[in-house]
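What follows is a short report on a single structure.
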Amino acid sequence: MADMVQPILELRNVRKSFGSDLVLQDISLTLPEHNVKVLIGASGSGKSTLLRCVNLLENIDDGQIFLDGQDISEVGVNQDVVRSQIGSVFQSFNLFPHLTVLQNITLAPRYVHKKNEDDSNREAISLLERFGLAEKAHQYPELLSGGQQQRVAILRAVINRPKVLLLDEVTSALDPVLIAEVLALISELKDSGMTMLIATHEMGFARQVADEVIFLHNGLVCETGIPSELLANPQSAQLGAFLTALRGAGRL
Ligand code: ADP
Ligand code: MG
């Protein structure tokens, strides 16, 4: 099957429980290179757990997870090496407050990827310039807006050239104007070819960047589709109910 292109990320029948709580029942999905897939679903449907299993913050109980062909769920896998190939950004901007923007961004390149200081700084500055944050390079995070902090947190992941970028509700702590800034950055990353798996409750975001939307319900992939079709024309009662609730809350 020479014409089959290997996905960057593949989950096969992944199962995860917390005690007696079966949070991911049987999740399979594939994420081809340069694709963006967006996970939606009610709070508690397992979106964050799924992302945490991918970057090995949680062990899965059953199934397999492949990163660029390597089974990263296997016992004995080098977790640090795997994590160095995955970029993760979560809801709360976890920048180090005692380091400047530039120092935050160059930390992993210098100490994990062992690049020299000059090269790391040059690359970080060019990334900050590209995304309109160059004048913030020498400031401390507390002087930045929430949207700026979250953009820096995303660039800090991007500079390591991850094979896949995982974003978990990266806009949920932000006001609408700041959300727009962060979404613009993510759209640009998509245009530059970044492969991403994103959990969000921003449907506008899903519409804008998703090649495919994955609707999770009770730890199962309930429905998938391109955003325009899936959001306009749900096939399952569960997705219908979820969209109705969003509409009722003025979020769709
Ligand atoms: P979502 O991100 O879609 O809101 P989560 O993945 O955070 O959903 O949570 C799915 C379920 O797993 C919830 O019922 C949550 O309470 C439970 N859960 C998540 N993390 C843990 C944990 N560390 N220990 C116990 N239960 C957890
Ligand atoms: Mg979550």
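The values are calculated or read from the model by the stated rules, or taken from the named source; none is laboratory data. Here the structure is a predicted model, which means the values were calculated and not measured. FYI the Cβ positions are ideal-geometry reconstructions off the backbone, even for glycines, and counts take in every protein chain you see. The accessibility values were calculated without ligands, DNA or RNA, using every heavy atom of the protein model including side chains. Shrake-Rupley method; radii C 1.70, N 1.55, O 1.52, S 1.80 Å.
If you scan segment 151-163, which residues turn out to be over 17 Å from residue 92 (Cβ atoms) and not in a loop (DSSP other than H, G, I, E, B)? Give the derivation first.
The initial filter retains those residues of segment 151-163 that are over 17 Å from residue 92 (Cβ atoms), namely 158-163.
Scanning segment 151-163 gives a single hit, 158.
Look at segment 104-115: where a residue is under 15 Å from residue 87 (Cβ atoms) and a partner is of a type in the set (Val, Ile, Thr) and surrounded by 17 or more Cβ atoms within 10 Å (Cβ to Cβ), sitting 6+ places away or on another chain with Cβ atoms under 6 Å, you get 105/159; 109/159.
From the list 166, 174, 185, 189, the one residue that fits, being open to solvent by less than 10 Å² (accessible area, probe 1.4 Å), among the aliphatic types (A, V, I, L, M) and outside any helix (DSSP H, G or I), is 166. One residue stands out in segment 67-82 among those that are more than 19 Å from residue 33 (Cβ to Cβ) and in a helix (DSSP H, G or I): the one that is farthest from ligand 2 (Cβ to nearest atom), namely 81. Would you please name the residue that is farthest from residue 164 (Cα to Cα), looking only at residues in segment 11-21 that are more than 14 Å from ligand 2 (Cβ to nearest atom) and surrounded by 19 or more Cβ atoms within 10 Å (Cβ to Cβ)? Ranking the candidates gives 14 first. Name the residues in segment 175-232 that are without any contact (Cβ under 8 Å) to a residue 60 or more places away in the chain and of a type in the set (Asp, Glu), would you? Within segment 175-232, 175, 181, 188, 191, 202, 223, 229 meet the criteria. The set of residues in segment 51-64 that are open to solvent by 50 Å² or more (accessible area, probe 1.4 Å), away from ligand 2 (no atom under 16 Å from the Cβ) and not in a strand (DSSP E or B) comprises 59, 61. Scanning segment 94-131 for residues that are closer than 16 Å to residue 147 by Cβ, in contact with a Leu (Cβ under 9 Å, 6 or more places away or on another chain) and part of a loop (DSSP other than H, G, I, E, B) returns 95, 131. Looking across segment 12-35, the residues that are in contact with a Gly (Cβ under 7 Å, 6 or more places away or on another chain) and either at pLDDT below 95 or not β-branched (Val, Ile, Thr) (or both) come down to 12, 13, 15, 22, 24, 25, 34. For segment 22-50, a residue qualifies if it is within 15 Å of ligand 2 (Cβ to nearest atom) and either assigned to a strand (DSSP E or B) or of a type in the set (D, E, K, R) (or both), and the qualifying residues are 23, 24, 27, 38, 39, 40, 47.
Kindly indicate which of 70, 139 is of a type outside the set (A, V, I, L, M, F, W, C) and touching a residue at least 24 places away in the same chain (Cβ under 8 Å).
Unique residue meeting the criteria: 139.
Would you pick out the residues in segment 213-240 that are among the hydroxyl-bearing types (Ser, Thr, Tyr) and touching a strand residue (DSSP E or B) at 6+ places or on another chain (Cβ under 8 Å)? If the condition is that a residue be among the hydroxyl-bearing types (Ser, Thr, Tyr) and touching a strand residue (DSSP E or B) at 6+ places or on another chain (Cβ under 8 Å), then 224, 236 are the ones that fit. Hey, any hits in segment 24-46 for a residue that's small (Gly, Ala, Ser) and in contact with a helix residue (DSSP H, G or I) (Cβ under 8 Å, 6 or more places away or on another chain)? Looking for residues that are small (Gly, Ala, Ser) and in contact with a helix residue (DSSP H, G or I) (Cβ under 8 Å, 6 or more places away or on another chain), one finds at least one in segment 24-46, hence yes. Considered as a group, the residues in segment 66-81 that are closer than 18 Å to residue 161 by Cα and among the aliphatic types (A, V, I, L, M) include one that is least open to solvent (accessible area, probe 1.4 Å), and that residue is 67.
Can you tell which of 73, 48 is away from ligand 1 (no atom under 16 Å from the Cβ) and modelled with pLDDT of 95 or more? Reasoning before the result, please.
Values: 48 fails: away from ligand 1 (no atom under 16 Å from the Cβ).
From the options 73, 48, the qualifying one is 73.
For segment 84-123, the tally of residues that are under 18 Å from the mean Cα position of the chain (by Cα), at pLDDT below 95, away from ligand 1 (no atom under 16 Å from the Cβ) and open to solvent by 40 Å² or more (accessible area, probe 1.4 Å) stands at 2. Within segment 154-199, the residues that satisfy the criterion of being within 16 Å of ligand 1 (Cβ to nearest atom) and at pLDDT 95 or above are 166, 167, 168, 197, 198, 199.
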